[in-house]
Amino acid sequence: VQLVESGGGLVQGGGSLRLSCVASGSIFSINAMGWYRQAPGKQRELVARITDDGSTNYADSVKGRFTISRDNAKVYLHMNSLKPEDTAVYYCNADLVTATLYRSDYWGQGTQVTVSS
């Protein structure tokens, strides 16, 4: 199983970016997908998560600015009104069951988002 992110980059404060992540491999089902981020010197934190029934939850710091969506094995994070404090490496996460019925968390390699002031 592999998760591959794309869409990071450098943007000015107030700007927008869209992150994408696609899960591939021997997947039986996906229970939830989400985005986490880790800024330098800080712990990795949940940004947004979406379950297989479409339920979402967001970090308080991004509510009203970020939107998570999912299309089968793809998950997106639409980020608006970006702030310098959103600068971090963003990681895609999937809680899934493999074709051998093994359930686990999988992570992408991360994509850098840098917001300038």
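Residues of the stretch 9-34 being surrounded by fewer than 19 Cβ atoms within 10 Å (Cβ to Cβ) and within 30 Å of residue 117 (Cβ to Cβ), which ones?
Scanning the stretch 9-34 gives 9, 10, 11, 12, 13, 14, 15, 16, 18, 20.
Considering each residue of the stretch 58-115, count those that are in contact (Cβ under 8 Å) with a residue 40 or more places away in the chain, part of a loop (DSSP other than H, G, I, E, B) and within 13 Å of the chain's Cα centre (by Cα), and give that number.
Qualifying residue count for the region: 4.
So which of 65, 49, 37 ends up being buried (at least 21 other Cβ atoms within 10 Å of the Cβ) and among the basic types (Lys, Arg)?
Answer to the check: 37.
Among the residues of the stretch 22-38, is there at least one that is without any contact (Cβ under 8 Å) to a residue 24 or more places away in the chain and aromatic (Phe, Trp, Tyr)?
Among the residues of the stretch 22-38, not one is without any contact (Cβ under 8 Å) to a residue 24 or more places away in the chain and aromatic (Phe, Trp, Tyr), which makes the answer no.
Examine the stretch 72-83 for a residue that is in contact with a His (Cβ under 9 Å, 6 or more places away or on another chain) and at pLDDT 95 or above, and state whether such a residue exists.
no
Would you check which residues across the stretch 99-117 are surrounded by fewer than 18 Cβ atoms within 10 Å (Cβ to Cβ), of a type in the set (Val, Ile, Thr) and modelled with pLDDT of 95 or more and list them?
The answer is 114, and nothing else.
Picking from 41, 9, 15, which residue would you name as being under 17 Å from residue 86 (Cβ atoms), over 12 Å from the mean Cα position of the chain (by Cα) and without any contact (Cβ under 8 Å) to a residue 60 or more places away in the chain?
From the options 41, 9, 15, the qualifying one is 41.
The values are calculated or read from the model by the stated rules, or taken from the named source; none is laboratory data. These figures come from a predicted structure and were not determined experimentally. Every residue, glycine among them, receives a Cβ derived from its backbone with ideal geometry; neighbour counts consider all protein chains shown.
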